[in-house]
Each structure stands twice: as structure tokens, then as C-alpha cells.
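A short worksheet on the structure shown next.
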Amino acid sequence: NAFTPNSDGLNDVFRPTPVGILHLSYCRVFNRFGELMFETSETGKGWNGMYKGIKQEPGNYVWMLKGTDRKHETIVMKGNVVLVR
């Protein structure tokens, strides 16, 4: 679970795969201090390791996503990702 936003075309963007989710309510990425670095409700859109135009430090980041499945049940997933520079 790592990505390397160095513009080489490989693993430049972190995109969690919302398996079984038909509608994405949100996908959020937080730094180790709990500050929100990225948020989207668009499936397939991801975080490029930037926050307010500034490259973020290498390290561990926490992601959370929430959505609904085919049965209209709420699904919440969370995990971590490592930003490597």
C-alpha cells in the first residue's frame, strides 16, 4: 500500500478500489495529525500527494471511504497508504 507521486506514470496517484460500492459518498485521506489532505466523491479520482499546492512529506497516511452497495446498505472502509518520495 504505497504510491510514488514522481510523475513517472507508475503509482503516481493513490486511488482506493471501492469493491462492491455503487455510489461513493466520500473518500478522504488524513495525515498523521488528523488533518484532511484530500477528499472526493468521484469514483476513480485519487490523491496525488499534494495539499494546497505543496508536496506532502513521505510517510503514512490514513484513508477512509463510505458508500452504498446494490442493496443500498452502507459500506465503510479504511486503511493506510505510504507516500514515498
message: Checking the condition touching a Pro at 6+ places or on another chain (Cβ under 6 Å) and of a type in the set (A, V, I, L, M, F, W, C), which residue from L83, L36 passes?
response: L83
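Yes or no, residue by residue, for (1) farther than 16 Å from R15 by Cβ; (2) among the hydroxyl-bearing types (S, T, Y); (3) touching a Gly at 6+ places or on another chain (Cβ under 8 Å):
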residue	(1), (2), (3)
G34	yes, no, no
T43	no, yes, no
W47	no, no, no
Q56	yes, no, yes
task: Name every residue in segment 48-70 that is at pLDDT 95 or above, farther than 11 Å from L24 by Cα and either part of a loop (DSSP other than H, G, I, E, B) or hydroxyl-bearing (S, T, Y) (or both), in order of residue number.
output: N48, G49, Y51, K52, G53, Q56, E57, P58, Y61
- line: Flagged pairs (Cβ under 6 angstrom, 6 or more apart or on separate chains; first in segment 72-85, in contact (Cβ under 8 Å) with a residue 60 or more places away in the chain; second outside any strand (DSSP E or B)) are V81/N1; L83/G49; L83/P58; V84/T4; V84/P58; R85/P58
- prompt: Of the residues in segment 6-47, how many are outside any strand (DSSP E or B), open to solvent by less than 70 Å² (accessible area, probe 1.4 Å) and either under 16 Å from G59 (Cβ atoms) or among the aliphatic types (A, V, I, L, M) (or both)?
  reply: 4
query: Only one of (1) over 17 Å from R85 (Cα atoms); (2) open to solvent by less than 70 Å² (accessible area, probe 1.4 Å) fails for G59. Which number is that?
result: (1)
task: Please indicate, with yes or no, whether at least one residue in segment 68-75 is within 14 Å of the chain's Cα centre (by Cα) and surrounded by 13 or more Cβ atoms within 10 Å (Cβ to Cβ).
output: no
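The values are calculated or read from the model by the stated rules, or taken from the named source; none is laboratory data. Being a predicted model, the structure only gives us computed values, none of them experimental. Note that each Cβ is placed from the backbone with ideal geometry, even for glycine, and that neighbours are counted across all protein chains shown. Note: accessible area is taken over every heavy atom of the protein model, side chains too, but ligands, DNA and RNA are not part of it. Shrake-Rupley method; radii C 1.70, N 1.55, O 1.52, S 1.80 Å.
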